[in-house]
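Right, one structure below, let's go through it.
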Amino acid sequence: MALAHELALVLSFHGVVERIEHPDIQVNHLELSAFERIVDVVRQTYEVVTLDDVAAAVSGGSRLPPNAAALTFDDGYRSVLEFADPILTRHGLPYALFVPSELIEVGARVPTYVMRTALDFTDARSVRLSGKSRPFKLGSPDERERAAAHAAEALRSLPLAETRRVLAELHTLLSPELWVELDRRFASEELMGWPELQTLAGRGVVIGSHTRDHAVLHERQSPEEIRAQVTDSKAAIEQRLGVPCRHFCYPHGSPRDLCRTAVEAVRAAGYSSAFMNIGGPVRQGMDPVLLPRSYVAKPSPEAALVPRALLSHSKWFAEVQSELDLG
């Protein structure tokens, strides 16, 4: 099958730090020097446009320049404001943030930070997680890694009420005093507040929704919860920032992390676009609420940009269509 016309490559980042101290905790971050190299390659290779531009092109309302790209950051880490924003502003490059509105509201951190920090720094020799009949041993690094893998899967695949129970159990593994100390040590994992987001929005940075609670919108979530995550976050962002919230991105963002109900909810809420984390360019004829992004997780520009950017439209859509039963 011939590939449809390529419109843009949408790149996905999380945070940027001067130096990664603890790779297991700061797993979502790039070091500043690596980010600067990637930005240089992007500037030389692409013309950077906004998500509004991409959405308009997908709908057929406008044309994009050749080699168009858009830059997005998930979760709203304060490190984006501190390190990435000055670089992008200096070069005149627009970008977008996708934020979980309730975590911003209460000053919480993303679930994976709680999980990784608790299991890395607890003195406990074992941990029992909801839904598991046997405790996980924590005596060796390998045992902690296995426990972390199981906990990560639980946070990704359980309904929200059950993930909250798992997070509460993990939180008890460390004392309140140690949590304060580690939160200070890993300040890179802190999310922005509404005043900072309002400043960025006032400067033209696009602020989109990443659900209300960073909830994964898979088929085990109730339809009511899915709709609330999609609509409440949009309303909160618009009320807090005084700007339209037109764009959405699915937490984790692979086909297993969403379902038909989620896609329908996003469409009904009136978002102009919604993004997954499946690599490949946005092409003509794609569903505007099932658009691909290429996640930039490696420090080398070549490793970060090339392999996933070349994933074909036919392979991408065949996978999504099959797993979501959208045919």
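The values are calculated or read from the model by the stated rules, or taken from the named source; none is laboratory data. Predicted, not measured: the structure shown is a model, and the values here were computed from it. All Cβ positions, glycine included, derive from the backbone under ideal geometry; neighbour counts span all protein chains shown.
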Determine if segment 178-185 includes at least one residue that is among the acidic types (D, E), in a helix (DSSP H, G or I), surrounded by 14 or more Cβ atoms within 10 Å (Cβ to Cβ) and in contact with a strand residue (DSSP E or B) (Cβ under 9 Å, 6 or more places away or on another chain). no
Subset of segment 83-124, residues charged (D, E, K, R) and in contact (Cβ under 8 Å) with a residue 60 or more places away in the chain, comes to D85, E102, E105, R109, R116, D120
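Taking the residues in segment 100-139 that are more than 28 Å from S233 (Cα to Cα), of a type in the set (A, V, I, L, M, F, W, C) and in a helix (DSSP H, G or I) as candidates, determine which candidate is farthest from the chain's Cα centre (by Cα).
As a first pass, look at segment 100-139 and keep what is more than 28 Å from S233 (Cα to Cα): 119-129, 131-139.
Now drop any that are not of a type in the set (A, V, I, L, M, F, W, C), which leaves 119, 121, 124, 127, 129, 136, 138.
Adding the requirement that they be in a helix (DSSP H, G or I) leaves 119, 121.
Values: L119: 22, F121: 25 Å.
Filtering segment 100-139 for residues that are more than 28 Å from S233 (Cα to Cα), of a type in the set (A, V, I, L, M, F, W, C) and in a helix (DSSP H, G or I), the one farthest from the chain's Cα centre (by Cα) comes out as F121.
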Output for Cβ contacts, cut-off 6 Å, separation at least six or different chains, first residue farther than 21 Å from K234 by Cβ and β-branched (V, I, T) in segment 271-290, second at pLDDT below 90 and not in a strand (DSSP E or B), reads I278/W316
Filtering segment 45-98 for residues that are modelled with pLDDT of 95 or more, farther than 16 Å from V289 by Cα and in a helix (DSSP H, G or I) leaves a count of 13
Across segment 105-119, the tally of residues that are β-branched (V, I, T) and buried (at least 24 other Cβ atoms within 10 Å of the Cβ) stands at 1
Screening I278, I226 for residues that are in the same structural domain as A96 (by TED's automatic domain parsing) and either within 16 Å of the chain's Cα centre (by Cα) or not in a helix (DSSP H, G or I) (or both) leaves only I278
